[in-house]
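*Asks:* Dropping the structure in here first, questions after.
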Amino acid sequence: AGSSEGKKSGKEKASKDDEEGGAGSLAIPKNAVKRIMKLEDDVKQVQAEAVLLVAKATELFLEKFARDSHKCAVQQDRKQVKYNDLYEIRDKDQNLNFLKYVIPQPKQDEDS
């Protein structure tokens, strides 16, 4: 009756969500994100869309941090990402200063 041009299969829609960073591509459990958000005493309720956005932002942040850390390892002819790679990425990017107590400068005697 009609062209299938305008219709997309479920797989195509899911693939498009993945490409665009849609909700279908979340790997982090939304319940875990909601639970963490509600750890703040002042937060009693969290809108579903807010949970979704925080979860997606977290995934994007982790993907970039992991990718950059891997590039750092590869630049040093390694396949394994090490603490020093994470530190180097954190240290080079002022936007990551909030991680300075989570990823402090490694001690000199640590294996690099």
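The values are calculated or read from the model by the stated rules, or taken from the named source; none is laboratory data. Predicted model only: the values in this text are computed from it and were never measured. Don't worry about glycine lacking a Cβ; one is built from the backbone with ideal geometry, like all the others, and counts go over all protein chains shown. Protein only, heavy atoms only, side chains kept; ligands, DNA and RNA dropped before computing areas. Shrake-Rupley method; radii C 1.70, N 1.55, O 1.52, S 1.80 Å.
*Asks:* Yes or no: the range 19-28 includes at least one residue that is out of contact with any Lys or Arg (no Cβ under 9 Å at 6 or more places or on another chain), in a helix (DSSP H, G or I), modelled with pLDDT under 90 and open to solvent by 90 Å² or more (accessible area, probe 1.4 Å). Steps first, please.
*Replies:* To start, the set of residues in the range 19-28 that are out of contact with any Lys or Arg (no Cβ under 9 Å at 6 or more places or on another chain) comprises 19-20, 27.
Checking the rest, the ones that are also in a helix (DSSP H, G or I) come to 19-20.
So of that shortlist, the ones also modelled with pLDDT under 90 come out as 19-20.
Now restrict to residues that are open to solvent by 90 Å² or more (accessible area, probe 1.4 Å): 19-20.
Checked the range 19-28: at least one residue is out of contact with any Lys or Arg (no Cβ under 9 Å at 6 or more places or on another chain), in a helix (DSSP H, G or I), modelled with pLDDT under 90 and open to solvent by 90 Å² or more (accessible area, probe 1.4 Å).
*Asks:* While we're on this one: From the set of residues in the range 63-112 that are β-branched (V, I, T) and in contact with a Ser or Thr (Cβ under 6 Å, 6 or more places away or on another chain), which is most open to solvent (accessible area, probe 1.4 Å)?
*Replies:* Among those that are β-branched (V, I, T) and in contact with a Ser or Thr (Cβ under 6 Å, 6 or more places away or on another chain), it is V81.
*Asks:* Do you know which residues across the range 36-62 are open to solvent by 90 Å² or more (accessible area, probe 1.4 Å), part of a helix (DSSP H, G or I) and of a type in the set (S, T, N, Q)?
*Replies:* Answer for the range 36-62, where residues must be open to solvent by 90 Å² or more (accessible area, probe 1.4 Å), part of a helix (DSSP H, G or I) and of a type in the set (S, T, N, Q): there is none.
*Asks:* A further question follows. What are the pairs, 6+ residues apart or on separate chains, where a residue within the range 86-106 that is under 17 Å from E63 (Cα atoms) and touching a residue at least 24 places away in the same chain (Cβ under 8 Å) has its Cβ under 9 Å from a residue that is polar (S, T, N, Q) and part of a helix (DSSP H, G or I)?
*Replies:* I89/S69
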